[in-house]
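Below is one structure, written out as structure tokens, with a few remarks after it.
The values are calculated or read from the model by the stated rules, or taken from the named source; none is laboratory data. If you're wondering where the values come from, they're calculated on a predicted model, not measured in any experiment. Cβ placement follows ideal geometry from the backbone for every residue including glycine, while neighbour counts extend to all protein chains displayed.
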């Protein structure tokens, strides 16, 4: 998917909501556990109920890998289902991968070709030749971790490196990478005040903002500092939406939560 | 596996060699491609031929994920085969994972419980609460990326952060993490001269050193600066061993390459 197509969908749906599909079998409705593939059954129900309210879905691969082959199959079924039924949706493999050159190419193939995701999250620690292999894939997007929403972000990301904090150095250096126009960035919403400075460095890039909801971010604040002329934001909510209820009508309850956020967002589109 | 068990194996085998199982179907012997599971068939042959010459195997998960479910199954079969037939071998999932707290726990479960690896490589960028969930698992080891062997390492890892380069800051800060005695570190062999300074910060930790062989490191240099009283080194070679030959006797050829390294290593044990 091109960035223009994503922006067009955002305007059409009046939403820049991304829903995180972080499926934990201990948290999904009990009646789904008797399904042959409870993870996929859960995702399918959530997707069918919420696809008109969001522009992106983001399965975090950890939740699938934790269930081994069964989990990997559920992830595969989920992305196939999304691409077949809702091709207008932007898909994010939240995998936080990154390795030396030829190995990053393997990861890129895994997520862009084998699973056919539109984008994948990548960790920046190993630098240029760990990121550029992902950027070689046309109409695919590499979402680089810049400033994450967890407490551990203060261990290294906010440390001073020359004139900048490390996460700003990541933004600046990555802009010099080949095909850097395919980069997006993860910026945690718990630090909305940082967004103004981030926008000075990368005014045009899309930001994937986790942490609105369960991790304590605030939509108004994030929009105030993070919006650009092409919206430029994907705001993720996972647990706050998908685990709205464990009852029979869990998908409808999830849709109500998503709709509340979409309505709030529509004021900014 | 405990560190003491690993050290004991190193002394017994007079080897601190780790063999990287980075299986690329374009590089393995053609006659294996007609096997039902060529990746596992290749690994099994390499393992059976080399297990007495090395103390660790390290599949890089990228090479398995690139083949989707089929790849994941081959990885699972490989670790099951290793744990059943060669339980004395230290196993490393080279996965370079890392995510916020509860999600890192999911990854830890995937590699330590579901796949029963002894260790997993982890990226440090997200800090303490992305690493500590891995450290909670008893007799499992978390191998943190410090200084990698690729060119991109100079983008961020060697940048000055206060008094230290970033990778030294990673070493120092990670020592304060809970259960940090279960940490090992990835240190690229292309920078052997850095090992002396690294040993000042972490004299007792095991170092996983990739890059001896295909990536251009030098065993003598690495030993000179990196050895400690408990050896404290695992030196990895992947392509240089496993792709020694594409002929019928590829496994025997691999064993010859491994034996040459083991013999060189025996002088240091």
Note on the stretch A:243-264: residues closer than 13 Å to residue A:19 by Cβ, crowded, with 19+ Cβ neighbours inside 10 Å and touching a residue at least 40 places away in the same chain (Cβ under 8 Å) are A:243, A:251, A:254, A:255, A:258, A:261, A:262
Filter result for residue A:65 (surrounded by fewer than 18 Cβ atoms within 10 Å (Cβ to Cβ) and either touching a helix residue (DSSP H, G or I) at 6+ places or on another chain (Cβ under 9 Å) or more than 14 Å from chain B (Cβ to nearest Cβ) (or both)) = no
Residue A:102 passes all but one of the listed conditions (1) farther than 29 Å from residue A:42 by Cβ; (2) in contact with a helix residue (DSSP H, G or I) (Cβ under 7 Å, 6 or more places away or on another chain); (3) surrounded by fewer than 24 Cβ atoms within 10 Å (Cβ to Cβ); the exception is number (2)
Select, from B:134, B:154, the only residue that is without any contact (Cβ under 8 Å) to a residue 60 or more places away in the chain, part of a helix (DSSP H, G or I), within 13 Å of another protein chain (Cβ to nearest Cβ) and surrounded by fewer than 23 Cβ atoms within 10 Å (Cβ to Cβ).
-> B:154
Would you check if residue A:127 is within 7 Å of another protein chain (Cβ to nearest Cβ) and closer than 27 Å to residue A:73 by Cβ?
-> no
In the set B:95, B:74, the lone residue that is touching a helix residue (DSSP H, G or I) at 6+ places or on another chain (Cβ under 7 Å), farther than 23 Å from residue B:261 by Cβ and without any contact (Cβ under 8 Å) to a residue 40 or more places away in the chain is B:95
Tell me, which residue of the stretch B:157-168 that is part of a loop (DSSP other than H, G, I, E, B) and under 22 Å from residue A:177 (Cβ atoms) is nearest to the other protein chains (Cβ to nearest Cβ)?
-> B:159
Failed criterion for residue A:53 (all others in (1) in contact with a helix residue (DSSP H, G or I) (Cβ under 6 Å, 6 or more places away or on another chain); (2) in a helix (DSSP H, G or I) hold) | (2)
How many residues are more than 11 Å from chain A (Cβ to nearest Cβ) and at negative phi when one looks only at the stretch B:174-189?
-> 10
Would you mind finding the one in A:24, A:37, A:48 that is more than 23 Å from residue A:186 (Cβ to Cβ) and within 14 Å of another protein chain (Cβ to nearest Cβ)?
-> A:37
Picking from A:171, A:195, the residue that is part of a helix (DSSP H, G or I), within 13 Å of chain B (Cβ to nearest Cβ) and either touching a helix residue (DSSP H, G or I) at 6+ places or on another chain (Cβ under 6 Å) or modelled with pLDDT of 95 or more (or both) would be A:171
Taking the stated definitions as given, is residue A:209 under 23 Å from residue A:11 (Cα atoms) and without any contact (Cβ under 8 Å) to a residue 40 or more places away in the chain?
-> yes
Looking only at the stretch B:98-107, decide whether some residue is in contact (Cβ under 8 Å) with a residue 24 or more places away in the chain and farther than 23 Å from residue B:174 by Cβ.
-> no
How about the stretch A:1-36: which of its residues are in a helix (DSSP H, G or I) and either closer than 23 Å to residue A:266 by Cβ or under 18 Å from the mean Cα position of the chain (by Cα) (or both)?
-> A:3, A:4, A:5, A:6, A:7, A:8, A:9, A:10, A:11, A:12, A:13
Picking from B:88, B:76, B:35, the residue that is under 23 Å from residue B:133 (Cα atoms), out of contact with any strand residue (DSSP E or B) (no Cβ under 8 Å at 6 or more places or on another chain) and modelled with pLDDT of 95 or more would be B:76
When residues of the stretch B:82-104 are limited to those that are assigned to a helix (DSSP H, G or I) and over 18 Å from the mean Cα position of the chain (by Cα), the one farthest from the other protein chains (Cβ to nearest Cβ) | B:85
Check whether at least one residue in the stretch A:178-192 is more than 18 Å from residue A:228 (Cβ to Cβ), modelled with pLDDT of 95 or more and outside any strand (DSSP E or B), and report yes or no.
-> yes
Per the filter on the stretch A:215-245, residues part of a strand (DSSP E or B) and more than 14 Å from chain B (Cβ to nearest Cβ) are A:228, A:231, A:233, A:234, A:235, A:237
Within the stretch B:105-119, tally of residues that are facing chain A (nearest Cβ under 8 Å) and at positive phi | 0
In the stretch A:137-151, the residues that are facing another protein chain (nearest Cβ under 10 Å) and out of contact with any helix residue (DSSP H, G or I) (no Cβ under 7 Å at 6 or more places or on another chain) | A:145, A:148
